[in-house]
Every structure is written in structure tokens, then in C-alpha cells.
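Read the structure below first, then the notes.
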Amino acid sequence: MKKLVRDKIPEIIEKAIIHVADNNEYWNSLKDKLIEETNEFINNNSQEELADILEVTYSICSYKNLKLSDIERIKTKKSEEKGGFKNKIILESIP
């Protein structure tokens, strides 16, 4: 059952057996957690699950020494160049 959990979970779950991940395990666990939280959002469609995705995203940025402002700038640039997803456009094929 090894999985990355929030920092206060050991205080909440009595008798939890835990260890602190090394960098490699942490990075792989962050990626797994992003997939887990994304799947939970897909299944539940709730703001809480979307907030969990954001929490994992912030943790990834921190671990990779990425600035959120840089990520936001890249997002804005891509949106300006290619648009966003507001118009609900579905690509059916490319001839």
C-alpha cells in the first residue's frame, strides 16, 4: 500500500507505519499521486479533488525548483498562441 500521503496523516492515523522517501522515491510518488488525484477528480468531479491536484502540482514545482509564476507565464503564452479550451472544440481528424 505504499503511497505518498499528506504530512499530517501520521498524526491522524494512529499506528501508521511510515518512512521518509529518498529523492527518487519521492519524485516517483509525486507522479503517482498526480495520476491518483486526477483519476479521483475524473470520477468525482469535485472541487476538493481539483484542489488535491493543485496541491500535488505545487509540491512538484517545489521539488523541481520551478516558480509558479514561470508556470503561469508559460500557460498564458500557450493560451495566447494556441488558445485555451473554453470553446469546447473537438478535433475529429486530420486529412
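Mind listing whichever residues of the range 28-40 are surrounded by fewer than 14 Cβ atoms within 10 Å (Cβ to Cβ) and over 11 Å from the mean Cα position of the chain (by Cα)? Of everything in the range 28-40, just one residue is surrounded by fewer than 14 Cβ atoms within 10 Å (Cβ to Cβ) and over 11 Å from the mean Cα position of the chain (by Cα), namely 28.
Scanning the range 44-60 for residues that are hydrophobic (A, V, I, L, M, F, W, C) and touching a helix residue (DSSP H, G or I) at 6+ places or on another chain (Cβ under 6 Å) gives 50, 53, 56, 60.
Against the numbered list (1) in a helix (DSSP H, G or I); (2) within 14 Å of the chain's Cα centre (by Cα), residue 79 comes up short only at (2).
Under the condition of being part of a helix (DSSP H, G or I) and of a type in the set (Lys, Arg), which residue from the range 10-49 is nearest to residue 63 (Cα to Cα)? Once the filter is applied, the top-ranked residue is 31. For the range 68-77, check the following and say yes or no: at least one residue is touching a Cys at 6+ places or on another chain (Cβ under 8 Å) and free of Cβ contacts under 8 Å to residues at least 60 places away in the same chain. Looking for residues that are touching a Cys at 6+ places or on another chain (Cβ under 8 Å) and free of Cβ contacts under 8 Å to residues at least 60 places away in the same chain, one finds at least one in the range 68-77, hence yes. Within the range 54-93, being out of contact with any Lys or Arg (no Cβ under 7 Å at 6 or more places or on another chain) and aliphatic (A, V, I, L, M) holds for 54, 60, 66, 68, 71, 74, 89, 90, 91. Within the range 27-48, the residues that satisfy the criterion of being in contact (Cβ under 8 Å) with a residue 12 or more places away in the chain and farther than 20 Å from residue 68 by Cα are 29, 32, 36, 40, 41. Checked against (1) assigned to a helix (DSSP H, G or I); (2) at pLDDT 95 or above, residue 65 meets all criteria but (1).
The values are calculated or read from the model by the stated rules, or taken from the named source; none is laboratory data. Since this is a predicted model, take the numbers as computed values, not measurements. Backbone-built Cβ (ideal geometry, glycine too); neighbour counts: all protein chains shown.
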